[in-house]
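Working notes for the structure below.
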2 protein chains.
Amino acid sequence: MPDEAAGRDHRTLPRRRGAALNSAIFEAVWAEIAEHGYAAVTMDGVAGRARASKASLYRRWPGRAALVLEAAYDAMHGPESVPDTGSLREDALAVLRHAARQLNGPVGQALRGLLGETLQNPSVAAEVREYTRGNVGRVMHAIIEQAAARGECDPALVTDRKVEAGPALLRQRFIFSALPLDDDYLVQVVDEVMLPLLGVCPDVVAGDP
Amino acid sequence: MPDEAAGRDHRTLPRRRGAALNSAIFEAVWAEIAEHGYAAVTMDGVAGRARASKASLYRRWPGRAALVLEAAYDAMHGPESVPDTGSLREDALAVLRHAARQLNGPVGQALRGLLGETLQNPSVAAEVREYTRGNVGRVMHAIIEQAAARGECDPALVTDRKVEAGPALLRQRFIFSALPLDDDYLVQVVDEVMLPLLGVCPDVVAGDP
DNA sequence: ACGTTTAGAGAACTAGACGTTCTCTAAACT
DNA sequence: AGTTTAGAGAACGTCTAGTTCTCTAAACGT
């Protein structure tokens, strides 16, 4: 009879399950993205790096898109809070800065890849679009309502197109430019587009003597 | 000795070259896109449908993206002209309508797929971005300069962000919505965003008694 | 403590697309 | 007519997506 080591083949290492395995898989996804970008994320690669089996991956997610999407959700922990500084300008900047911080990091890279996936194969995910669009738009509406309640802007001026304009500029730049979203850009979006559209602070921009 | 038919194998059909072959290949690309969308375009599929060889395809284009991109260029024949109706509102509507007509058709489907490709693999094509961004932006700048020269808007108000806002809304809707770009949307973009940003026609929208 | 059920590791396998390369031959050129 | 160029068709090697198999550790019962 062999000693106890002989009974242990290469599969006898401690085996993770449930949440622990999930976390290990998400970590592997981020490592793959960080190393060679979204395009380099393959199911085999993630499984290998996480020391998980492809069967385990496919038991949890139907494909790469669903996996990366859940990894992104996981990395963003928690719904976005609505800022309330008492000034529309500061609220708007806070919203855009929060979005920019996410989009400039690994989560942004993942979302770019996922958006690419949905553009090529529209059947894959209305879900991705929901996220990318839903959050910022909802919060933007909320801070504008706050401003209208304070009398800071005229509620009659508020339309869907005007509310969407700022976020649309942010997204355009995120999608079409490889450069990070810098703060100057966000300030321009707020001062040159969002506030003028709502009739706030007609072209008096801070910093000009 | 067999008769003359025996010497003709299945390769003996008339053989196209140069521009004629190019056109046949482009037609095949559009047929494939129309049938099952961008995702279904494969080099094998296009070659088969065009009765061309894959070798001929790869001699002309390095890959699928380059092929579809050139097919799109080919379908758009000619650079965009700058409208000059004498009214900024009409000029802007003309530009957006021209863009929308393209984007609502098969060319739009191709561009969506190509954009998806570049988002997943940024190395592929700065070229695609150039097109998608370049044209509308350039023409938009031109009509605004015309309007400023007529005294229709204040040149001091014109900034890059303001000029980009309208096109950004168009693109956002193109990218994130599967629905076609309808004319109501374009009118809203012009009347609620573009003109107010440039200080034209402050909220007097036609059609309201 | 023991037995049953669940779920993970690892590997083999199929199928589809990419991109390459080969041969044979029609079209274009001189 | 003879030469060169370029296209048709097919075979091939590779990669990735998914699936399915066996074996076994972990979780959960009694």
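Excluding ligands, DNA and RNA, what is the solvent-accessible area per residue of the range B:61-118 at a probe of 1.4 Å, expressed in Å²?
So the range B:61-118 comes to 41 Å² accessible per residue, rounded to a whole number.
Once fully extended, how much extra length lies between residue A:90 and residue A:56, figured as 0.36 nm per residue of separation less the alpha-carbon to alpha-carbon distance?
Gain in length upon complete extension: 7.6 nm.
Along the charge dipole of the range B:79-197, Cβ charges K/R +1 and D/E -1, which of B:110, B:94, B:188 sits furthest on the positive end?
Most positive-ward Cα: B:110.
Taking a point 7 Å out from Cα toward Cβ as the label site, list the nm distances between residue B:19 and the same residue in every other copy, smallest first.
Once sorted, the set of distances for residue B:19 reads 6.8 nm.
Among the trypsin sites (Lys or Arg not before Pro) in the range A:41-88, which ones are in a DSSP loop with at most 13 other Cβ atoms within 10 Å of the Cβ? Mind listing them?
Sites meeting the loop and neighbour criteria: A:51.
Classify the range B:79-197 as rounded, prolate or oblate, taking a ≥ b ≥ c as the square roots of the eigenvalues of its Cα gyration tensor: rounded when a/c is under 1.5, otherwise prolate if a/b is larger than b/c and oblate if not.
On the way: a/c = 2.08, a/b = 1.68, b/c = 1.24.
Note, shape of the range B:79-197 comes out prolate.
Only loop residues by DSSP count here, and only those with at most 16 other Cβ atoms within 10 Å; note down the GluC sites (Glu not before Pro) in the range B:29-109 that meet that.
B:80
Which of the listed residues, B:159, B:170, B:55, is farthest toward the dipole's positive end in the range B:53-176, when Lys, Arg count +1 and Asp, Glu count -1 at the beta-carbon?
My answer, from the dipole projection, is B:55.
Over the range B:15-75, what relative contact order in percent results from Cα pairs under 8 Å that are six or more residues apart?
Dividing the mean separation by the residue count of the range B:15-75 yields 29 percent.
Distance in nm between label sites at residue A:157 and residue B:15, each 7 Å beyond Cα in the beta-carbon direction?
A separation of 7.0 nm, rounded to one decimal place.
Using a label point 7 Å beyond Cα on the Cα-Cβ vector, give me the inter-copy distances for residue B:177 in nanometres, one decimal, shortest first.
2.6
What is the spin-label model distance, in nm, from residue A:121 to residue B:73 if the labels are put 7 Å beyond Cα along the C-beta direction?
2.9 nm
Take the alpha carbon gyration tensor of the range B:15-75, find the square roots of its eigenvalues, order them as a ≥ b ≥ c, and report rounded if a/c is under 1.5; if not, report prolate when a/b exceeds b/c, else oblate.
The shape class here is rounded.
Just the number, please: buried accessible area between A and B, total of both chains, 1.4 angstrom probe, nearest 100 square angstrom.
Roughly 3300 Å².
Round to the nearest 10 and report in Å² the accessible area of residue B:58, as given by a 1.4 Å probe over the protein chains' heavy atoms.
Answer for residue B:58: close to 120 Å² accessible.
Considering only protein heavy atoms and a 1.4 Å probe, what is the carbon-and-sulfur percentage of the accessible area of the range A:14-64?
53 percent
Quick check: with the 1.4 Å probe, what order do B:159, A:118, B:42, A:85 take by accessible area, largest first?
A:85, B:42, B:159, A:118
Pairs of alpha-carbon atoms within less than 8 angstrom and 6+ residues apart define the contacts here; what relative contact order does the range A:79-197 have, in percent?
35 percent
Under a Cβ-only charge scheme (Lys and Arg +1, Asp and Glu -1), can you give me the dipole magnitude of the range B:45-118 about the Cα centre, in debye to the nearest 20?
That gives the range B:45-118 a dipole magnitude of about 600 debye.
Any chance you could check the range A:147-182 for residues losing 30 Å² or more of accessible area when the partner protein chains are in, compared with the chain on its own (1.4 Å probe)?
A:161, A:162, A:164, A:168, A:169, A:171, A:172, A:175, A:176
The values are calculated or read from the model by the stated rules, or taken from the named source; none is laboratory data. Quick caveat: nothing in here was measured; it's all calculated off a predicted structure. No Cβ is skipped: glycine too gets one built from the backbone with ideal geometry, and neighbour counts run over all protein chains shown. Accessible surface areas use protein heavy atoms only, side chains included; no ligands, DNA or RNA. Shrake-Rupley method; radii C 1.70, N 1.55, O 1.52, S 1.80 Å.
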